[in-house]
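The values are calculated or read from the model by the stated rules, or taken from the named source; none is laboratory data. Keep in mind that what you see is a predicted model, and the values were worked out from it rather than measured. Here Cβ is always computed from backbone atoms with ideal geometry, including for glycine, and neighbour counts include all displayed protein chains. Keep in mind that these areas ignore ligands, DNA and RNA; they rest on the heavy atoms of the full protein, side chains included. Shrake-Rupley method; radii C 1.70, N 1.55, O 1.52, S 1.80 Å.
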Amino acid sequence: MQERTTIAHVDAERGFSGGEVQVFLLMDGLRRAGWRNVLFAPPGSAALAKARELGLESVAVPMRSDLDLPGALALRRGLERARVDLVHLHTSRATWLGGWAARWAGLPALSTRRMDRDVKPGLRTRLVYERLTRRTVAISGGVAECLRKGGVPDERVRTIWSTVDPAALVPGRARAEVRAELGAREREVLVLAAGRLIPRKGYDVLLAALARLGGAQERWKLALAGDGDEHARLTAQARELGLAGRVTLLGRRGDMADLLGACDVFAMPSRREGLGIAALEAMAAGRAVVATAVGGLGQAVSHGESGLIVPPDDVAALAQALERVIDDAHLRERLGAGGRARVESHFHARSMVAAYESLYREILAEVAA
């Protein structure tokens with residue numbers, strides 16, 4: 001079945017973030033296992049460019065809004081031309097437009113939900129999760145709970161945790177070289193945070209917490225990788241807190257493996273998080289993680305084993321946790337080793353691929369019955 005089964009992956013995002021990382025990890029694993037994959041994504045999107053770079057089949061389909069009927073019709077035609085057997089919908093808009101396209105094409109579909117936003121009970125929820133799709137995959141226990149609270153039947157929900165590929169996180173540059181570029185001195189503990197600069201990520205809380213840490217100038221340094229609407233406000237906040245010399249906003253970076261290799265601590269102070277792939281990457285790289293107990297993030301990072309977990313929006317608790325890992329090299333080493341072991345046993349990409357393979361077979365057998 002694997003050699004003749006085609007999976008369509010629909011992703012409506014134009015950018016490239018943690019969700020797209022998971023889509024490509026999945027497609028790569030499926031390709032290695034013998035499945036045929038076709039990615040459907042908007043023209044000019046980063047995902048489309050990545051697919052072409054990797055030699056993966058791809059089709060450009062406009063998906064401008066949830067009301068893009070021509071886009072949904074174009075997607076239907078693309079699914080039929082590609083002789084697809086099963087449609088995997090990877091984003092909210094993709095689920096809505098792709099769900100209709102799959103239904104019109106007479107194809108079974110499933111959706112992956114990555115955000116821990118509340119699911120509102122109602123007609124659209126019933127339509128999406130009970131009519132347009134046969135299963136919905138939650139990337140964490142927290143996301144699964146949101147689906148159930150929204151009225152999605154238990155039997156239609158599966159939890160398949162997002163994962164990482166440790167082999168893709170091997171640094172390409174020497175640790176000392178990257179630290180020098182970031183302005184981190186030998187004695188400084190380099191704290192790294194990475195993600196979109198938006199309120200949900202809680203970087204304002206991180207700056208406030210770091211401002212509470214006293215000590216010598218060379219005690220710690222923060223490197224914050226990512227771009228977004230909060231860039232100017234965070235820059236101003238760092239200056240107002242007297243942290244301008246200790247905080248560097250790096251902008252968007254494509255060298256996460258190098259940054260992880262250079263840092264000592266990874267901070268993820270999110271207010272909401274479906275899971276937090278960046279935290280898993282830090283654990284895979286053997287870095288101590290300080291994170292918040294939100295969504296799947298508080299479940300993925302085991303407190304005291306692979307990191308330290310604090311409540312969201314709690315400046316004092318975050319400051320205390322950061323102070324512990326900054327001041328204790330042995331604790332950092334122990335948490336880093338624990339994180340690496342936890343990823344290997346619970347969050348390796350091969351586990352995710354195998355779980356999706358099993359679910360695909362389940363749905364296809366259900367359709368054939």
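Quick notes
- With each label modelled as a point 7 angstrom along the Cα→C-beta vector, the Thr235-Arg200 pair spans 2.4 nm.
- With contacts taken as Cα pairs under 8 Å at a separation of at least 6 residues, region 1-156 carries a relative contact order of 20 percent.
- Between region 247-263 and region 159-213, the alpha-carbon center distance in angstrom: 6
- Label separation (Glu362 vs Ala60): 3.8 nm, computed from points 7 Å beyond Cα along the C-beta direction.
- Unit charges on C-beta of K, R, D, E only; dipole of region 257-326, Debye: 100
- Under 29 Å of direct C-alpha separation, and excluding same-chain neighbours fewer than eight residues apart, Lys50 reaches these lysines: Lys201.
- Cα extents of region 11-56 along the three principal axes, largest first (Å): 28, 18, 15
- The calculated P(r) of region 274-315, using every Cα pair and 5 Å bins from 0, goes 6, 28, 37, 21, 7, 1 in percent.
- Each listed q (0.07, 0.10, 0.12 Å⁻¹) maps to a log10 I(q)/I(0) for the chain, found by the Debye formula over equal Cα scatterers with no solvent: -0.32, -0.64, -0.89.
- The C-alpha atoms of the chain define a longest principal axis, and helix 92-104 lies at about 10 degrees to it.
- Rg followed by Dmax, in Å, when region 98-233 is reduced to its Cα trace: 21.6, 66
- Quick note on region 223-283: its Rg to Rh ratio, both from C-alpha atoms and Rh being the Kirkwood radius, is 0.97.
- Stretch gain in nm, segment Arg271-Arg117, where the contour uses 0.36 nm per residue and the Cα spacing is subtracted: 54.3 nm
- Length-normalised contact order for the chain - Cα pairs under 8 Å, 6+ apart - percent: 14
- Selected from Trp161, Ala174, Ala223, residue furthest toward positive end of dipole (region 111-230; charges at beta carbon): Trp161
- Packing-based ranking, highest mean first, of 332-339, 282-289, 239-246 given that Cβ atoms within 10 Å are counted: 282-289, 332-339, 239-246
- Shape summary of region 220-369, radius of gyration then Dmax from alpha carbon positions: 17.9, 66 Å.
- Backbone amide hydrogens, once placed in the peptide plane, bring Leu86 within less than 5 Å of Thr6, Ala8, excluding anything fewer than 5 places away on its chain.
- Asp85 accessible area, 1.4 Å probe, all protein chains in place, Å² to nearest 10: 60
- Relative contact order (%) - criterion: Cα under 8 Å, at least six apart; region: region 262-355: 30
- Cross-link partners for Lys149 among the lysines, with Cα-Cα distance under 18 Å and sequence neighbours closer than 8 places in the same chain left out: Lys120.
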